[in-house]
Amino acid sequence: MLVKIKRGWELPESAATPEASYWSRRRVMGVAGAGSLLLAAGAGSRLLAAGPALAAKNDGPDPTLDLYPAAPNLRYRLDRPLTKPDVATSYNNFYEFGSHKSIVKAAQALPIRPWTVTIDGMVEKPQTLDFDALIRQVKLEERTYRLRCVEAWAMAVPWTGFPMAELVKLAEPQVGAKFVRFETFKKPEVASGQKQFWYPWPYVEGVTLAEASNELAFIATGLYGKPMPKQNGAPLRVVLPWKYGFKSIKSIVRATFTDEKPKTFWETVQGSEYGFFANVNPAVPHTRWSQAEERIIGTEDKRPTQIYNGYGEFVAGLYDGMDAKILFR
Ligand SMILES: Nc1nc2c(c(=O)[nH]1)N[C@H]1C(S)=C(S)[C@@H](COP(=O)(O)O)O[C@H]1N2
Ligand SMILES: [Mo]
């Protein structure tokens with residue numbers, strides 16, 4: 001965001017600012033009495049994101065370091081170079097820490113130890129797992145995946161983690177369970193974005209049980225061969241490479257198995273623009289911009305967007321017979 005919108009490729013992104021945050025920024029601007037709209041958009045969000053950016057001091061040493069780097073799984077190939085680590089770890093969407101891309105510093109305030117993940121709802125094995133124990137119950141691997149944000153930027157990175165299917169196995173879903181609902185932490189005292197009361201915190205996402213069991217669905221605990229940086233969703237996050245990035249929910253604390261389609265964060269904010277499935281499709285424009293191309297962050301390159309972000313061979317079968325009108329937004 002900020003002020004430099006000279007280059008053409010930056011326009012879709014500023015256009016991509018979700019409506020709700022646009023209006024909230026205007027509200028802040030009014031209060032701050034700032035000048036031009038453009039300037040104020042950046043200044044306003046900064047104003048709200050301000051506050052102590054103290055690193056959490058109580059995390060202690062990371063007891064999972066010995067698990068990295070994990071063995072690469074070469075089944076999932078890239079069609080492009082990896083994004084540079086400093087780019088992928090400094091250009092982030094994480095609204096809990098501000099509705100702009102530069103949340104690295106603010107995100108360091110999130111305490112990640114201890115960290116528990118609760119599995120509940122329609123399962124045989126409801127449980128609350130300590131993250132440092134959970135990570136030793138699964139086999140970590142490294143996968144390179146593309147990630148395509150709905151704002152038309154893209155990256156390609158090596159995640160470390162384990163298949164979401166392993167989490168489903170731990171839970172033992174009951175017969176009637178059809179969806180998994182994921183929830184992020186709610187800690188407005190460290191995540192100042194969560195003081196923006198017009199957002200429906202905590203961040204919620206969801207998938208069908210079939211999607212959760214698909215081989216591509218991944219729970220990532222690391223990035224570039226190291227434990228997950230806080231700004232990318234430490235200590236663990238979802239990664240769904242065939243869907244727009246907002247489905248890949250960060251810093252999860254709960255997985256609830258349910259027979260009701262979860263109402264997601266972005267559906268609540270702007271249901272007409274952000275749906276439940278959100279599968280990538282170049283032919284279905286967002287209501288406010290085209291999805292035909294994507295900008296590769298850290299470069300000047302653009303590439304054509306691919307249906308299912310190029311992962312159709314793995315996931316297209318999930319949607320046989322379903323109405324295309326609901327699948328691609
Ligand atoms: N909890 C939470 N998860 C989130 C978001 C967020 O704001 N909060 N942003 C999403 C969006 S829009 C994208 S594009 C990706 C970005 O992941 P990255 O910062 O690791 O590139 O995270 C997703 N997960
Ligand atoms: Mo995104």
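Just so you know, all these numbers are worked out from the coordinates, no wet-lab data involved. Given the structure is predicted, the values throughout are model-derived calculations rather than measurements. A quick note on method: Cβ atoms are made from the backbone with ideal geometry, for glycine too, and the neighbour counts reach across all protein chains shown.
Here are the numbers:
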item	result
Residue within segment 266-274 that is out of contact with any Phe, Trp or Tyr (no Cβ under 6 Å at 6 or more places or on another chain), without any contact (Cβ under 8 Å) to a residue 60 or more places away in the chain and farther than 20 Å from ASN93 by Cα present	yes
Residue check, GLU273 out of contact with any strand residue (DSSP E or B) (no Cβ under 7 Å at 6 or more places or on another chain), farther than 20 Å from PRO202 by Cβ, acidic (Asp, Glu) and within 14 Å of ligand 1 (Cβ to nearest atom)	yes
Answer residue from segment 65-93, given it is more than 16 Å from ligand 2 (Cβ to nearest atom) and outside any loop (DSSP other than H, G, I, E, B) and is farthest from ALA154 (Cα to Cα) among those	ASP66
Candidate set from segment 75-108 (those that are hydroxyl-bearing (Ser, Thr, Tyr) and surrounded by fewer than 22 Cβ atoms within 10 Å (Cβ to Cβ)); member that is nearest to GLY312 (Cα to Cα)	TYR76
Residues located in segment 288-318, provided they are farther than 19 Å from VAL239 by Cβ, in contact (Cβ under 8 Å) with a residue 40 or more places away in the chain and not small (Gly, Ala, Ser)	ARG288, TRP289, GLN291, GLU293, ARG295, GLU300, LYS302, ARG303
Qualifying residue in segment 176-190 (condition: over 20 Å from the mean Cα position of the chain (by Cα), over 20 Å from VAL239 (Cβ atoms) and not charged (D, E, K, R))	yes
Boolean, PRO173 is more than 15 Å from the chain's Cα centre (by Cα), more than 16 Å from ligand 2 (Cβ to nearest atom) and either surrounded by 21 or more Cβ atoms within 10 Å (Cβ to Cβ) or small (Gly, Ala, Ser) (or both)	yes
Residue count for segment 182-191, restricted to those that are away from ligand 2 (no atom under 16 Å from the Cβ), crowded, with 20+ Cβ neighbours inside 10 Å and of a type outside the set (A, V, I, L, M, F, W, C)	1
Cβ-Cβ under 8 Å pairs, at least 6 apart or on other chains, segment 228-254 side on the phi < 0 side of the Ramachandran plot and away from ligand 2 (no atom under 13 Å from the Cβ), far side in a helix (DSSP H, G or I) and among the aromatic types (Phe, Trp, Tyr)	GLN231/PHE97; PRO235/PHE131; LEU236/PHE131; TRP242/TYR308; TRP242/PHE314
Counted residues, segment 168-198 - those being touching a residue at least 40 places away in the same chain (Cβ under 8 Å) and out of contact with any Leu (no Cβ under 9 Å at 6 or more places or on another chain)	10
Boolean, LEU140 is touching a residue at least 60 places away in the same chain (Cβ under 8 Å), of a type outside the set (Ser, Thr, Tyr) and surrounded by 16 or more Cβ atoms within 10 Å (Cβ to Cβ)	yes
Scan of segment 290-327 for residues that are of a type in the set (Asp, Glu) and over 24 Å from THR83 (Cα atoms), ordered by number	ASP320, ASP323
Qualifying positions in segment 199-217 - among the aliphatic types (A, V, I, L, M), touching a residue at least 60 places away in the same chain (Cβ under 8 Å) and not in a helix (DSSP H, G or I)	VAL204, LEU216
Residue check, TRP289 closer than 30 Å to GLU172 by Cβ and touching a helix residue (DSSP H, G or I) at 6+ places or on another chain (Cβ under 9 Å)	no
Some residue of segment 307-317 being among the polar types (S, T, N, Q) and more than 14 Å from ligand 1 (Cβ to nearest atom)	no
